[in-house]
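The values are calculated or read from the model by the stated rules, or taken from the named source; none is laboratory data. Here the structure is a predicted model, which means the values were calculated and not measured. A quick note on method: Cβ atoms are made from the backbone with ideal geometry, for glycine too, and the neighbour counts reach across all protein chains shown.
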Amino acid sequence: MSAVGLAAHQFRFDQKVFWRNPASVFFTVALPLIFLVIFSTIFGNDTIEELGGIKTTTYYVPAIVTLAVVSATMQSLAINLTVDRENGILKRGRGTPLPKWVFFAGRIGNAIVVSVLLLVVVTAVGRVVYGVEVPWDRLPAVFVTLAIGAASFCCLGVALTAAIPSEDAAAPISNVAVLPLYFLSGVFIPETEIPDGVLKVADLFPIRHFFEAFFTAFDPNTTGAGFEWDQLAIVAIWGIAGLLLAIRFFRWTPRAQ
Amino acid sequence: MATPVITASGLHKAYGDFEAVRGIDLEVETGEVFAFLGPNGAGKTTTTEIFEGYRPRTGGTVNVLGQDPSAPTREWRERIGIVLQQCRMRPELTVRETLELYAGYYRAPLRIAETIDHVGLTAKAGARAGSLSGGQLRRLDVGVALIGDPELLFLDEPTTGFDPSARRQFWGVIANLKQLGKSVFLTTHNMDEAQRLADRVAIIAAGRIVAEGRPDELGDRERRPASIRFRVNGGAQDLPAALRARAGSNGELEITTTSPVEVLHELTGWALDRSVELEGLEVRRPSLEDIYLELTSAAPDDDR
């Protein structure tokens, strides 16, 4: 099998495993949609004057897309790689001729495909159920944001496994890493309700910048192509830092032995 | 004689100040099942993982299939199969899919159906790994190690935690591997298993090999005194003194001898003359387990 063929082979089985696992489908695919419905129901069709009078639902579509991508990339990888490491599946893989990069290509490919799918589904639900405009003119900005964000959060997810000592700790640690940031960064609560000082704290971390890039790309009031290069640069720097940490600290063998 | 599949000489492995492996020499021949026995913490898994290419050594030379395993190449990985001490299978994939996944990693894998048959899982081919029993999972594990058609298989304590019937079935699978011409390096602390499966056995204790040989020869087992045990109803007062029977536990008599054939002849002749029944008559050589316990009890049971 050629290298690309081998990566496709690995990806095909990673997809099978993903879709047959009820927990991964629920937390990664269903939960963001549930959040979209809950937040839209609670905050209704209010408008946010500070953001040019957009509807709250218009605000929540890019917010939930942000959450969905972080969940499909960083959280899924951190949890699944840790579980596989502790169960000896990674170690066994290292004992086969499978090159390391092919293994990661399959996993990351899986995370990115799920991210694209969720972007499409959340946007479609926003359009059909809440009448939120699809940013057809700014699709390049949407997909560039997705590509940079998904790649960066994949690297952060792989790096995060180094901080997770056991299978049981995987879900709690990866949730602790993101849940507070969803609140601080304006993903769960509109940023206009959040004090400036808090947003400054959120600015230290990548989720806020990733969300701002998506927001600009989705916002109907945006003029121009909607690229937030400054925000994306910060997300990418986090991603590169994650990559370096991952290369240095990623382990293939169980830690809790 | 064919070249050995594994040669180690003066193999050392230290973790900081602790020497887990203290100079091991061994050879595993092509096509043999080699059992590596030892208590927990004796250095079994460390040695095995050095051979498998998972761990660097700190001294000595090692050659596995013509290569130094400390720098494993893809080509070398094609030629070995590994069953780890602990490894779960993906519960979401079926037996067939699991083997298809791993088969894709190798240039010339075995046929899937054939491999499933070798490990006795044909009836379970379409079942998800999550629904298999412990013994079935372990056999799938061996199937995964076998799928690349390796020359050498490593099995690290494969039957730990098995019930006796699952263990028997598993032994059948190992016997199959031998018939396929595979060399097998097996670690275990089950003596029965080593006795049944292995062509040769090495016992490791505290990082050193303390005995090596065919399972029936180990520790001069064949030349050691045998023990003859029996009970006699109505007493054995007139038993010939030459037999030197000692009273053992629960009314048993025991004769320890280096010539059991002569002694048995005399003993049974005496019993026939008097029409006495020799109840529970048995002749016992020291078992592999006796030898093992004797050899490993001297060494401290280091913790890893």
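Among the residues of segment A:1-25, the one identified as in a helix (DSSP H, G or I), facing chain B (nearest Cβ under 10 Å) and modelled with pLDDT under 90 is A:SER24.
Based on this model, can you work out whether A:LEU98 counts as touching a residue at least 60 places away in the same chain (Cβ under 8 Å), at the interface with another protein chain (Cβ under 10 Å from one of its Cβ atoms) and outside any helix (DSSP H, G or I)?
The answer is yes for A:LEU98.
Can you say whether A:PHE227 is of a type in the set (Phe, Trp, Tyr), under 18 Å from A:ILE64 (Cα atoms) and away from chain B (no Cβ under 14 Å), as far as the supplied structure shows? It is false that A:PHE227 is of a type in the set (Phe, Trp, Tyr), under 18 Å from A:ILE64 (Cα atoms) and away from chain B (no Cβ under 14 Å). When residues in segment A:38-67 are screened for being touching a helix residue (DSSP H, G or I) at 6+ places or on another chain (Cβ under 6 Å) and among the β-branched types (Val, Ile, Thr), 7 of them pass. For segment B:5-88, the strands (runs of 3 or more DSSP E) that sit wholly inside it and include 3 or more residues that are farther than 21 Å from A:PRO97 by Cα and not β-branched (Val, Ile, Thr) are B:6-15, B:18-28, B:33-37. Please work out if A:LEU81 is within 14 Å of chain B (Cβ to nearest Cβ), surrounded by 17 or more Cβ atoms within 10 Å (Cβ to Cβ), of a type in the set (A, V, I, L, M) and farther than 30 Å from A:ASN221 by Cβ. So A:LEU81 fits the description; yes.
Please give the helices (runs of 4 or more DSSP H) falling wholly within segment A:26-91 in which 3 or more residues are free of Cβ contacts under 8 Å to residues at least 12 places away in the same chain.
Here the list reads A:31-43.
Per-residue answers, yes or no, for (1) surrounded by 23 or more Cβ atoms within 10 Å (Cβ to Cβ); (2) in contact (Cβ under 8 Å) with a residue 12 or more places away in the chain; (3) within 15 Å of A:GLY88 (Cα to Cα); (4) among the acidic types (Asp, Glu):
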position: B:GLN86; (1), (2), (3), (4): no, no, yes, no
position: B:THR94; (1), (2), (3), (4): no, yes, no, no
position: B:LEU99; (1), (2), (3), (4): yes, yes, no, no
position: B:ALA103; (1), (2), (3), (4): no, yes, no, no
position: B:ALA113; (1), (2), (3), (4): no, yes, no, no
position: B:GLY130; (1), (2), (3), (4): no, yes, no, no
position: B:LEU137; (1), (2), (3), (4): no, yes, yes, no
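Of the residues that sit in segment B:30-76 and are out of contact with any helix residue (DSSP H, G or I) (no Cβ under 9 Å at 6 or more places or on another chain), charged (D, E, K, R) and buried (at least 17 other Cβ atoms within 10 Å of the Cβ), which one is nearest to the other protein chains (Cβ to nearest Cβ)? Looking at the filtered set, the residue picked out is B:GLU52.
Filtered by the rule that a residue be part of a helix (DSSP H, G or I) and either of a type in the set (Ser, Thr, Tyr) or touching a strand residue (DSSP E or B) at 6+ places or on another chain (Cβ under 7 Å) (or both), segment B:218-235 gives B:LEU218, B:GLY219. Restricting segment B:77-96 to residues that are at the interface with chain A (Cβ under 7 Å from one of its Cβ atoms) and more than 20 Å from B:ILE50 (Cβ to Cβ), which is nearest to the chain's Cα centre (by Cα)? Looking at residues that are at the interface with chain A (Cβ under 7 Å from one of its Cβ atoms) and more than 20 Å from B:ILE50 (Cβ to Cβ), I get B:ARG88.
Consider B:LEU93 carefully, then state whether it is at pLDDT 95 or above and more than 20 Å from B:VAL33 (Cα to Cα). In short, yes.
If you check A:VAL235 against the conditions, is it part of a helix (DSSP H, G or I) and modelled with pLDDT under 95? Spelling it out, it is not the case that A:VAL235 is part of a helix (DSSP H, G or I) and modelled with pLDDT under 95. Inside segment A:159-191, residues that are of a type in the set (Val, Ile, Thr) and either part of a loop (DSSP other than H, G, I, E, B) or in contact with a strand residue (DSSP E or B) (Cβ under 6 Å, 6 or more places away or on another chain) (or both) make up a count of 3.
Against the condition touching a residue at least 40 places away in the same chain (Cβ under 8 Å), more than 30 Å from A:THR216 (Cα to Cα), outside any loop (DSSP other than H, G, I, E, B) and away from chain B (no Cβ under 13 Å), how does A:PHE104 come out, does it pass? It is true that A:PHE104 is touching a residue at least 40 places away in the same chain (Cβ under 8 Å), more than 30 Å from A:THR216 (Cα to Cα), outside any loop (DSSP other than H, G, I, E, B) and away from chain B (no Cβ under 13 Å). The strands (runs of 3 or more DSSP E) found wholly in segment B:104-217 and carrying at least 3 residues that are more than 14 Å from every other protein chain (Cβ to nearest Cβ) and under 16 Å from the mean Cα position of the chain (by Cα) occupy B:183-188, B:200-205, B:208-213. Restricting segment A:16-53 to residues that are surrounded by fewer than 17 Cβ atoms within 10 Å (Cβ to Cβ) and under 17 Å from the mean Cα position of the chain (by Cα), which is nearest to A:ARG107 (Cα to Cα)? Here the answer is A:VAL25. Taken over segment A:181-200, the residue count meeting the criterion of being surrounded by fewer than 15 Cβ atoms within 10 Å (Cβ to Cβ) and within 29 Å of A:THR82 (Cβ to Cβ) is 1.
Pairing each residue of segment B:284-304 that is surrounded by fewer than 14 Cβ atoms within 10 Å (Cβ to Cβ) with any residue that is modelled with pLDDT of 80 or more and basic (Lys, Arg), provided the two are 6+ apart or on different chains, yields C-beta distances under 9 Å for B:ARG284/B:ARG229.
Given the criteria buried (at least 16 other Cβ atoms within 10 Å of the Cβ), aliphatic (A, V, I, L, M) and at pLDDT below 95, does A:ILE207 qualify? No, not satisfied.
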